[in-house]
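The values are calculated or read from the model by the stated rules, or taken from the named source; none is laboratory data. This structure is a prediction, so every number in the text was calculated from the model and none was measured. Note that each Cβ is placed from the backbone with ideal geometry, even for glycine, and that neighbours are counted across all protein chains shown. With ligands, DNA and RNA removed, areas are computed over all heavy atoms of the protein, side chains included. Shrake-Rupley method; radii C 1.70, N 1.55, O 1.52, S 1.80 Å.
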Amino acid sequence: NALFTSIGGVIADTYDRRTVMLTLDILGSFIALLFLVAYQLESIPALYVATALQMTVAALYEPSRSSMVSMLVTDGESLKKAITMCGLAWSVMASVGSSMGGFAAEYLGISTCFCMDSLSYFVSALFIWRVGGE
């Protein structure tokens, strides 16, 4: 992960971060569907491939995501608050999202959850697309 995060940093500094995030979200959407394929095939190797791809995309995505805050919020004091809120939002997402995911898998089924995950990447791409570019 550290290797791909470093590469993601170079990509974030070289290309338009919005375009990078948009591209990686769309790619992530298709990778999320690979989990559905691995589940349907009951294939452990396919699950490993999907996991490796998802972790690679996440590592490439993170430097662009984290640097977008400073591009959107320019005031020094507001930037501190924005970074704190991003960290808080991530923590809440990790804790609440994990428990909600467990309930969703139980009540909606695993296949539905993989489809919802794929859809969430497209929704994220839509929001990023709506943010102004360079």
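Values for this structure:
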{"item": "Convex hull per residue volume in Å³, alpha carbons only, for region 59-104", "result": "78"}
{"item": "Within the accessible area of the chain (1.4 Å probe), percent carbon and sulfur", "result": "70"}
{"item": "Cleavage-rule hits, chymotrypsin sites (Phe, Trp or Tyr not before Pro), region 60-105, DSSP coil, Cβ neighbours within 10 Å at most 12", "result": "none"}
{"item": "Residue-averaged 222 nm ellipticity for the chain, from DSSP H runs of 4+ at -39500 (n - 2.57), nearest 500", "result": "-32000 deg cm²/dmol"}
{"item": "Å² of accessible area per residue within region 1-127, as computed with a 1.4 Å probe and no ligands counted", "result": "64"}
{"item": "Read-out P(r) over Cα pairs in 10 Å bins from 0, in percent, derived from the coordinates shown; its label in (i) 11, 31, 29, 17, 8, 4, 1; (ii) 12, 34, 38, 14, 2, 0; (iii) 12, 41, 29, 13, 4, 1", "result": "(ii)"}
